[in-house]
1. Can you tell me the accessible area per residue over the chain, all protein chains present, probe 1.4 angstrom, in square angstrom?
2. Given the whole protein assembly as supplied and a 1.4 Å probe, what does the accessible area of residue 314 come to in Å², nearest 10?
3. About the Cα centre, and with charges only on the beta carbon of Lys, Arg (+1) and Asp, Glu (-1), how big is the dipole of region 95-333? Nearest 20 debye, please.
4. For region 287-376, state the average projected area of the convex hull of the C-alpha atoms over all orientations, rounded to one decimal in nm².
5. Suppose each label sits 7 Å from its Cα in the direction of the beta carbon; what would the residue 239-residue 252 distance come out to in nanometres?
6. Using a simple spin-label model with points 7 Å from Cα along the Cα→Cβ vector, what separation in nm is obtained for residue 304 and residue 14?
7. Need the C-alpha centroid separation for region 223-284 versus region 7-26, integer Å.
8. Quick check on the chain: helices-only [θ] at 222 nm, where DSSP H runs of length 4 and up contribute -39,500 (n - 2.57) each and the sum goes over total residues. Nearest 500, please.
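The values are calculated or read from the model by the stated rules, or taken from the named source; none is laboratory data. Given the structure is predicted, the values throughout are model-derived calculations rather than measurements. Because the Cβ atoms are built from the backbone with ideal geometry, glycine has one as well, and the counts that use them run over all protein chains shown. Areas reflect the complete protein model, heavy atoms only, side chains present, ligands, DNA and RNA absent. Shrake-Rupley method; radii C 1.70, N 1.55, O 1.52, S 1.80 Å.
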Amino acid sequence: AHDYTLKPHPTITAPEGPLMVCILDGFGENEFKDEYNAVHVANTPTIDALRAVPRRFRSIKAHGTAVGLPSDADMGNSEVGHNALGSGQVVDQGARLVDIALETGKMFEGDGWKLISQAFADNTVHFIGLLSDGGVHSRADQLVGCLRGAAARGAKRLRCHILTDGRDVPDGSSIRFVEELEAELAALREKGCDALIASGGGRMQVTMDRYEADWAMVKRGWDAHVLGKAEHTFRDAKTAVVTLRGPEDAQVSDQYLAPFVIVDEAGAPVGTVQDGDAVVLFNFRADRMVEISKAFEYPDFAVFDRERVPQNLRFVGMMQYDGDLKLPANFLVPPPEILHVSGEYLVKNGLATFACSETQKFGHVTFFWNGNRSGYLDSKLEQYLEIPSDKIEFNKAPDMKAREITAASKEAILSGKYKVVRVNFANPDMVGHTGDLAATVRACEVVDACVKELLEAVDSVNGRWIVTADHGNADDMVQRDKKGKPLVGEDGKPLPLTSHTLAPVPIFVGGKGLPEGVVFRDDLPDAGLANVAATTFNLLGYQGPEIYKDSLLTVV
Ligand code: 3PG
Ligand code: CO
């Protein structure tokens with residue numbers, strides 16, 4: 001068994017008050033400090049003051065191989081970011097594991113593939129997922145790898161159910177991704193495989209809800225993909241996307257397209273899910289696949305009326321999305337194994353934790369933080385609080401639930417009940433994803449004000465704090481050319497950037513209870529998010545576990 005004993009730090013003693021770990025989701029430290037950097041533009045006196053403290057501010061890597069992604073061209077995201085923050089280790093993440101399984105052909109030898117191949121001869125194989133090359137939840141080239149693999153192994157009928165992105169990739173790019181997929185499907189048809197797009201919709205409207213924020217999204221997906229029912233029907237997917245986006249001057253973005261179903265000449269859906277079919281959810285990332293997985297897999301599912309439940313379904317996920325729930329039971333690629341996370345060290349050493357966020361990021365500071373484990377590691381020592389998120393587009397209310405999160409976390413800090421208080425503010429990320437610059441500036445300002453309150457609370461009880469982020473987003477709100485020059489559209493307006501960025505993130509340490517000599521060391525220029533966990537243990541008065549990346553701190 002793994003030894004979870006924490007050794008005391010040779011010089012840093014335990015704080016009197018708690019340690020607060022505060023994650024400013026999507027708050028990057030970007031090299032472009034111009035009018036499109038909402039973090040830079042925003043009036044943030046609290047963060048500015050933290051930046052000015054010598055050796056207690058630095059930036060750390062939050063993207064690419066530093067967080068287990070396939071390459072340094074991959075932007076960071078909350079899943080891999082919170083995994084690294086919470087586990088203190090860098091593991092190969094889903095995107096990379098699927099790449100390897102396809103390259104080596106291992107995917108086609110696994111049990112999940114064997115299950116779906118039972119449908120190759122006489123039934124249909126359906127692929128449901130996010131169609132883009134964002135690399136956060138899925139990748140279109142991996143979908144193509146699966147489609148080709150199935151066709152080459154005898155699948156007679158393939159149907160794709162596509163969720164348009166515009167969130168991890170530029171808005172409007174869905175048209176190109178649909179064209180590319182259509183070309184691929186046409187090539188498969190040439191070879192005698194009946195391959196078509198059957199349904200779809202925008203990822204923030206259809207199927208990809210997370211943390212049970214809005215089950216109605218999942219029902220819309222079930223209706224379109226499984227039952228072939230949607231208000232809008234089209235003969236082909238490109239027409240669907242172009243039409244649903246609407247006129248130039250009042251365009252609906254790819255993220256929010258209404259659900260649609262593709263129909264034949266007679267108006268019948270071309271690809272409903274029938275008894276005996278195979279269904280593959282081709283996203284590798286878990287959070288936005290859990291709910292639809294339950295709808296497919298749980299016999300007594302009752303959140304909404306499924307109307308017709310296909311029998312004898314061969315249902316798999318690209319990965320197993322939840323190892324505790326064993327959901328789904330069957331999958332194409334085994335998920336990353338993230339062991340000995342910091343939360344386990346905390347509970348095994350009797351250190352009580354409070355974790356809080358609003359719905360949209362709740363699983364980030366719990367499930368992802370704990371290495372993709374659902375529920376408590378030890379319910380006696382942990383308290384997780386979810387503040388319900390609004391169900392609207394977040395640029396319309398950029399304060400989101402930051403004030404409520406602050407109030408609850410402040411209470412936890414002052415209660416004396418917890419050694420660690422972990423907080424995630426969703427605003428810079430969730431508002432940043434809308435591409436609305438003014439609202440994102442506001443999001444950063446709200447969070448700054450909330451951080452101020454929390455730091456004061458920590459100081460009032462002689463605690464310590466770490467303030468950092470999981471990846472960039474708000475720090476760049478415009479698409480740029482290779483030299484960094486902002487790109488403008490045909491109408492002369494700047495092209496919004498809705499996605500995360502490749503930027504590193506800031507990290508600040510401090511608190512009235514932190515001895516003056518505790519500062520960032522200067523010999524770890526390439527440190528990343530995985531170095532934070534050992535840093536938190538130092539701030540609690542312990543050495544970092546040996547299997548963790550080095551702590552960022554030294555004592556001078
Ligand atoms: C989303 O799911 O909202 C985006 O694809 C990624 O955002 P997150 O990694 O910040 O959750
Ligand atoms: Co995000």
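1. Values: 20850 Å² over 556 residues.
That works out to 38 Å² per residue.
2. 30
3. Values: 28 positive and 37 negative charges, 102 e Å.
Once rounded to the nearest 20, the dipole reads 480 debye.
4. On the way: hull surface 28.5 nm².
Directional mean of the projected Cα hull area for region 287-376 stands at 7.1 nm².
5. Calculated label separation equals 1.7 nm.
6. It works out to 4.9 nm between the two label points.
7. So the separation of the two Cα centres works out to 49 Å.
8. On the way: 16 runs with 158 residues, N = 556.
Mean residue ellipticity, 222 nm, calculated: -8500 deg cm²/dmol.
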